[in-house]
1. Rounded to whole Å and sorted largest first, list the principal axis extents of the Cα atoms in the chain.
2. Return the calculated 222 nm mean residue ellipticity for the chain, to the nearest 500 deg cm²/dmol, obtained by summing -39500 (n - 2.57) across DSSP H runs with n ≥ 4 and dividing by the residue count.
3. What order, most packed first, do the peptides 117-129, 304-316, 424-436, 332-344 have when packing is the mean number of other Cβ atoms within 10 Å of each residue?
4. If R0 is 45 Å, what FRET efficiency do you get for residue 219 and residue 120 from their C-beta distance, rounded to 0.05?
5. Taking only the alpha carbons of segment 108-239, what extent do you get along each of the three principal axes, in Å, biggest first?
6. Quick one: divide the alpha-carbon radius of gyration of segment 296-411 by 2.2 N^0.38 Å and tell me what you get.
7. Taking a temperature of 25 °C and a viscosity of 0.890 mPa s, what whole-number D in µm²/s does Stokes-Einstein yield for segment 226-295 with Rh from Kirkwood over alpha carbon pairs?
8. Using only the Cα atoms of segment 131-204, each taken as one equal point scatterer with no solvent, compute I(q) by the Debye sum, divide by I(0), and report log10 of the ratio at q = 0.16 Å⁻¹.
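Bear in mind that the values in this text are calculations on the coordinates, not laboratory data. Computed from a predicted structure; not experimentally measured. Here the Cβ is made from the backbone with ideal geometry for all residues, glycine too, and neighbour counts use every protein chain on show.
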């Protein structure tokens with residue numbers, strides 16, 4: 001009994017210490033847990049147990065507890081019963097994380113249906129491709145490179161969910177982890193930034209925007225921020241103050257988990273550097289661009305329809321969507337969903353210099369623009385796309401550019417090989433070797 005009391009006291013003290021230490025972040029922890037559980041359940045059709053074991057199985061998110069209201073498609077998360085946060089799913093609009101317990105989703109649920117994709121083989125439709133064997137591909141080497149991206153039995157260090165390799169518009173390799181298939185929708189996280197940039201590229205092709213334009217927002221008219229251009233925002237060198245730190249309470253975590261209108265956070269920031277002089281990666285900038293995008297349309301319905309009608313339906317992206325914040329803005333920084341095959345199609349659009357099955361959706365100059373290094377990025381960034389011009393991937397061509405997202409979501413566009421490579425998973429950085437994956441795939445295809 002005495003030992004039991006000692007253990008109990010230690011346990012209570014440990015929990016108390018954790019709560020005191022983490023209390024300022026509990027709002028973020030429970031907010032992330034609720035939002036991600038809700039989205040993974042209702043956007044991707046995963047079970048709560050699977051999500052807890054995979055998507056939300058990392059510290060400190062893994063301490064959250066959940067109450068799931070399946071009838072109303074709501075998820076509430078808390079940490080030791082504290083800081084309860086609720087996320088609500090609306091069909092076609094995604095999951096919104098409520099800011100206060102009494103907050104409701106205020107805009108009406110406008111349905112934005114996709115058109116039926118044409119009955120054509122992938123990538124121009126969703127029918128099976130004709131079997132094609134290329135004599136210049138070493139298929140054994142290719143399959144080995146792809147297989148090496150996945151965990152061997154009994155290990156869970158790589159956590160790759162999908163790898164897809166497309167060459168000359170043909171799928172030449174495709175592999176999925178247990179629990180995933182070609183029809184599984186996966187969150188792209190910051191790959192959504194490139195998706196939003198593509199919408200601006202469509203407006204550019206339609207002659208509706210000018211990237212040199214300044215005086216972008218009325219709130220900036222009376223100070224030096226009025227000189228910030230659309231180009232500055234697209235290249236992440238506006239000079240606006242921003243802290244992109246996911247380990248602390250920062251600008252980005254406040255925006256994603258504490259704000260009703262995610263376009264406001266960056267809008268209200270002061271200039272820290274002269275525009276164009278300093279590159280700083282900012283999810284707030286992307287959501288500010290989402291506000292600018294919304295301002296280009298006469299009605300809110302037109303804003304909602306634009307990506308569906310002008311991009312998703314054009315590319316037969318039947319699985320793709322972007323979730324909205326509570327103010328009804330597309331969360332272009334982070335919340336785009338699609339299958340790996342549909343993510344790959346966006347890469348193919350850029351591989352084909354903006355042309356899709358004979359229709360020019362983007363100007364060739366736009367493709368060059370987003371894949372040209374911007375100042376002060378050390379060759380790593382263009383305009384909402386990541387670049388290898390600085391040879392971050394030493395064994396990969398310098399001309400490779402990519403859509404990058406948190407936890408190792410990637411769509412690589414490889415012009416010199418007429419190839420697109422997709423990798424989806426839960427690891428990046430030192431835990432996953434993208435250079436080795438691409439090296440193995442590229443060397444399997446002879447010139």
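1. Extents along the principal axes: 74, 61, 42 Å.
2. Numbers: 12 runs with 138 residues, N = 447.
Dividing the helical sum by the residues of the chain leaves -9500 deg cm²/dmol.
3. Numbers: 117-129: 14.7, 304-316: 19.9, 424-436: 16.8, 332-344: 25.6.
Per-residue mean Cβ counts within 10 Å order the peptides as 332-344, 304-316, 424-436, 117-129.
4. Working: r = 46 Å, r/R0 = 1.02.
According to the calculation, E is roughly 0.45.
5. 62, 41, 39
6. On the way: Rg = 15.4 Å, N = 116, 2.2 N^0.38 = 13.4 Å.
My calculation over the Cα atoms of segment 296-411 gives 1.15.
7. Details: Rh = 12.0 Å.
So the translational diffusion coefficient is about 204 µm²/s.
8. So the normalised log intensities are -0.80.
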